[in-house]
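Heads up, the thing below is written out as structure tokens.
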Amino acid sequence: MDNIIEIGYNPLLNYGMDLVIMGFKLFLLLEKILMLLPNKARKNFFTFLASLAYYLSSRYRNTGFVNLDFIYGDTLSHTQKKEIVKYSFRNLLLNFLHLMELRHISKDELAKKITIKNREIVDNVHAQNRAVIYVTSHYCAWELGGIGIGTFVEPLAAVFRKMKNREYEQWVLESRERFGNSSLEKRNVMRALISLVKKKMASGILIDTAMNQREGIEVDFLGKKVYQTPAPAYLARKYDAAIIPVVMLSKDEESYELVFFDEIVVEKTENEQEDIQKATQLQADWLGSLIYNQPKCWFWIHRRFKGEYPHIYKR
């Protein structure tokens, strides 16, 4: 027994965990202080942090410029690219602010911030007694998007990637689940998604995360060949669910519009692979169109193309 205790005990690891726990407690204290401030003061604080992060985080700043160079080349000026990258930092911190505020806001207060467009698209699917698979991305107010669906349309189970910091992960999940949503960890998630679809319950899947050949299928996205998850198309085809793209938009960062798009229909021919390929490409086309229309709202500072084009990040 003594030997087992010694093997399992790492003083450096425990010391590191103590620091993490202490840091998280300080973060919770900061949250309490910030939530005592007026909304405008909180927003100013986070936008200041975003500006600071732009100048201090060379890694993510450079990733943004590399991505924009890769997609747009010289069709955008350096000034335009700089504006987009700076806004990516701002938008990220505003999404973080939304997570914080969601822990304290009431449903009535949330309703004053959000309007819904094209709700009838979802209602039509429900009238057919079919499950909805919401596909979305890191675009504009993505944290409010999931909450908006779960609070005002129907509860959904959102797929997420496990985080290194478990305390922070729990904090994030509590924010996302406060009004009825649930979360599904990405590893081995397909069985849980199948169960949801069979029960006619909703799920939410991000389609813009980096993916390798083993996990995804090849599509054309922003003019580049990349791998994207086939899960929505597979589930929709096999279990007669509806793929509905959705995004939360804002013109002033104060009021928000939850926008549903027309169902992406999955054909059901004798060629299953081709049916899934077509439907997955249609999802990529939807997102690409959204980004081309308003590029600054997408999350450019993540390495979306690292699986297919790792060399572009080695500059």
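So, in nm, how far is label residue 70 from label residue 57 when the simple model puts each one 7 Å beyond its Cα toward the Cβ?
1.7 nm
Given H placed 1.01 Å from N in the peptide plane, which residues other than close sequence neighbours of residue 130 have an amide H under 5 Å from its amide H?
Long-range HN contacts for residue 130: none found.
For the chain, what number results from the quotient of the Cα radius of gyration and 2.2 N^0.38 Å?
Cα Rg divided by the expected 2.2 N^0.38 Å: 1.06.
Using label points projected 7 Å from each Cα along Cα→Cβ, tell me how many nm separate residue 79 and residue 306, to one decimal.
3.3 nm
Tell me, what is the FRET efficiency for residue 282 and residue 313 to the nearest 0.05, using R0 = 35 angstrom and their Cβ-Cβ distance as r? Write out the running numbers ahead of the final one.
Numbers: r = 28 Å, r/R0 = 0.81.
Approximately 0.80, to the nearest 0.05.
Nearest 0.05, what FRET efficiency do residue 106 and residue 270 give at R0 = 51 Å with Cβ-Cβ as r? Spell out each step's value before the answer.
Numbers: r = 52 Å, r/R0 = 1.02.
Taking R0 as 51 Å, the efficiency between residue 106 and residue 270 is 0.45.
Compute the length gained on full extension between residue 40 and residue 253: take 0.36 nm times their separation in residues and subtract their Cα-Cα distance, giving the result in nm to one decimal. Don't skip to the answer; put the middle values down first.
On the way: separation 213, 0.36 × 213 = 76.68 nm, distance 1.11 nm.
Separation in residues times 0.36 nm, less the Cα-Cα distance, equals 75.6 nm.
Once Rh is set to the Kirkwood radius over Cα pairs, what Stokes-Einstein translational diffusion coefficient, in µm²/s, holds for region 24-110 at a temperature of 20 °C and a viscosity of 1.002 mPa s?
Reported coefficient: 146 µm²/s.
Would you calculate a helix-derived [θ] at 222 nm for the chain, using -39,500 (n - 2.57) for each DSSP H run of n ≥ 4 and dividing by the full residue count, to the nearest 500? Present the calculation step by step, with values, prior to reporting the outcome.
On the way: 12 runs with 168 residues, N = 315.
That calculation yields -17000 deg cm²/dmol at 222 nm.
Can you give me the relative contact order of region 210-315 as a percent, contacts being Cα pairs under 8 Å and 6 or more apart?
This gives 28 percent for region 210-315.
Among the complete DSSP H segments of the chain, which ones combine at least 20 Å of alpha-carbon extent along their axis with a mean Kyte-Doolittle hydropathy of 0.5 or more?
Both cut-offs are met by 11-35.
Once the piece of chain linking residue 27 and residue 188 is laid out straight, how much longer is it, given 0.36 nm per residue of separation minus the C-alpha distance between them?
54.8 nm
Take every DSSP beta bridge with both residues inside region 37-314 and express the antiparallel ones as a percent of the total, to the nearest 5.
Details: 11 of 30 bridges.
Restricted to region 37-314, the bridges split so that about 35 percent are antiparallel.
Throughout, read-outs are computed from the coordinates displayed, never taken from laboratory work. Computed from a predicted structure; not experimentally measured. Counting neighbours? That spans all protein chains shown, and the Cβs are built from the backbone with ideal geometry, glycine included.
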